Each structure stands twice: as C-alpha cells, then as structure tokens.
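Asker: Have a look at this one.
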Amino acid sequence: MKKFLFFLFIPILIACSEHNIGVVGDKRLQIEGKVVDNQENPIDGLGIKASGAEYYYSINATPRELLGEFITGTDGVFSFVSLDTHNSYYAISINHPEDKNYREEYLSLHFVDTLRNETRGIAFNFDEVVIPAIQNFQLEIHNVSLEDTLFYRYEYENTEQYKPFSESSFPIGFELRNKLSSGGRILPDGDSDTVQIQSLENSKLSFQYKLSETVENDTINIEITPENPVYEFTN
C-alpha cells in the first residue's frame, strides 16, 4: 500500500524506451478545433492525438507518450483534454499514420510545439484545419533533342507534414521538411522517364529543367488536381 501511494502522489516522469517525458502533474490543456477537406466539408472518423516526444521527427512514429486523444464526428469537430509536458516536444497529430482510425486517403498533419510548460498556454483552438485528400500523380518527361542532355528536378508536397503552433514554437532556421524532391537526367534522344508520386490534392509540383549543367534552371509550376492527374513534359 505504501509503495502504491508513493507512485500515486509523485507522477513526474513517465518512461519511454530511450527518454523520460516529464508530465506536469496538475496541468491540463483544452484542445479544440474542426477538420474540413478542400471543399470545406467536415471530415468524420479522423483520430486526433496529443503526444510528447524527445525529437520532433519522433512524432511520426508510434506515439510512445500519449497525452490525450479524440475521434471526430460527422461535424468534424474535436474537443478533448490533454496532459502537458515540460521537457519534451508536444504535438497535436491529426490523422496520425499509426492511429487505428488512420485514413490513408487524407493528409497526416502534426502541430508541434517546443515551448516549456511555463510558457505554453492552457488551451489550443485550431478553428478550421484543412486536411487535403491525397492524390496520385504521374509526370511523364521526354527529351527529343538529338544533341543535349535534359537535366531535371521536381519538388512536391509531402503527404505527412509538420506545422508550428506559432511563430515562436520553433527556433529560427528550424526546417520542417514538408516537401519531397528528386531528379534525374535523360540523354539525347533517350528514353522517356515516367514518375509516379503521391502528393496533396490542389497542390503544386515545381518542375525545374535545363539542357546543360552550366545554365540556370527553367521552372514550371504544375497544378495537381483531380482534373489533371497526369502532366507530360517535352523539352
């Protein structure tokens, strides 16, 4: 009985696999908001998780320190109470990939805060959060030149993203890496390249190309929409 009471009144450190996340024993955060799609329609059945992690990129793994959770209803609204942490990253994850209610057709979005408990408030109201649908997109690239090698690079929105709670949530210069990029080259009169990606509906793909390594890139911004699932580029 004495051992049980000891742990009951001192709930300060909760163990993770490699990190102790300090929970503020008597503090609670009120988390509220609403999730909608690109057409402002409410999205139901999305899991909302509050969690703590040693590093911001650990948020996308299974949340080892769950601080609160909720599932949206038909109105897309979420409202729940979360524990707070004083020594770790704190995140609100919408449609977390490891959530049992994860819907793979939608973006996963993590709001992350690095502030300590003495500067963090007692509530977070997200108003309306837009969660775009995920879209498959095909990029076809052709080099019809008989003399020049085509060099290209493309960048597009990731299907899992991070946002700060506020401008002060991250240190200056902190990179969230919400975009993915790749590239290649096609020899003169070479075979075409076909690229398959997953990105966000109604987002843009930036396509950069040139016909010599010594010249500046030209850039085309390509709309990714349900009406335009394929883009064909010929130099």
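Asker: Counting only residues 5 or more places away or on other chains, whose amide H sits under 5 Å from the amide H of Ile131 once H atoms are built in the peptide plane?
Answerer: Distant-sequence amide H within range of Ile131: Val36, Asp37.
Asker: Cut-off is 10 Å between beta-carbons; in what order do Ile31, Ile222 appear when sorted fewest neighbours first? Don't skip to the answer; put the middle values down first.
Answerer: On the way: Ile31 23, Ile222 17.
In increasing order of surrounding Cβ atoms, one gets Ile222, Ile31.
Asker: Could you calculate the FRET efficiency of Ser79 with Lys179 from 1/(1 + (r/R0)^6), where r is the beta carbon distance between them and R0 is 41 Å, rounded to 0.05? All intermediate terms of the calculation are to be shown ahead of the outcome.
Answerer: Working: r = 32 Å, r/R0 = 0.77.
About 0.80, to the nearest 0.05.
Asker: Students often get this wrong: which residues of region 186-207 have the backbone nitrogen under 13 Å from the point 7 angstrom along Cα-to-C-beta of Asn235?
Answerer: 186-193
Asker: Below 13 angstrom from the Cβ of Ser192, what's the summed charge of the other residues (Lys, Arg +1; Asp, Glu -1)?
Answerer: On the way: positive: Arg185; negative: Glu140, Asp189, Asp191, Asp193, Glu232.
The answer is -4.
Asker: Would you mind calculating the gained length between Arg28 and Asp193 on full extension (0.36 nm times residue separation, minus the Cα-Cα distance), in nm to one decimal?
Answerer: Working: separation 165, 0.36 × 165 = 59.40 nm, distance 5.29 nm.
Taking 0.36 nm per residue and subtracting the Cα distance, the gain is 54.1 nm.
Asker: Let me ask something else about it. All other residues with a Cβ under 9 Å from the Cβ of Thr72 taken together, and with Lys, Arg as +1 and Asp, Glu as -1, what is their net charge? The partial results should precede the final answer.
Answerer: Working: positive: Lys34; negative: Asp44, Asp75.
So the surrounding residues net to -1.
Asker: Next up: How much net charge surrounds Tyr102 when only the other residues with a Cβ under 15 Å from the Cβ of Tyr102 are counted, with Lys and Arg +1 and Asp and Glu -1? Don't skip to the answer; put the middle values down first.
Answerer: On the way: positive: Lys49, Lys100, Arg103; negative: Asp44, Glu69, Glu98, Asp99, Glu104, Glu105, Glu160.
Value of the local net charge: -4.
Asker: Right, something else. Of the GluC sites (Glu not before Pro) in region 138-235, which ones lie in a loop per DSSP and count no more than 15 other C-beta atoms within 10 Å? Can you show the working numbers first?
Answerer: Details: sites: Glu140, Glu147, Glu155, Glu157, Glu160, Glu167, Glu175, Glu201, Glu213, Glu216, Glu223, Glu227, Glu232; in loops: Glu147, Glu167, Glu175, Glu201, Glu213, Glu216, Glu227.
The qualifying sites are Glu147, Glu167, Glu175, Glu213, Glu216, Glu227.
Asker: Follow-up question, since we're still on this one. Kindly work out what percent of the DSSP beta bridges joining two residues of region 134-234 are antiparallel, to the nearest 5. Walk me through the numbers before you get to the answer.
Answerer: On the way: 29 of 34 bridges.
In region 134-234, approximately 85 percent of DSSP beta bridges are antiparallel ones.
Asker: Here's something else I'd like to know. Over region 134-234, what is the mean sequence separation of C-alpha contacts under 8 Å (at least six apart), divided by residue count, expressed as relative contact order in percent?
Answerer: Answer for region 134-234 is 44 percent.
Read the figures in this text as sums done on the coordinates, not as results from a lab. Predicted model only: the values in this text are computed from it and were never measured. Don't worry about glycine lacking a Cβ; one is built from the backbone with ideal geometry, like all the others, and counts go over all protein chains shown.
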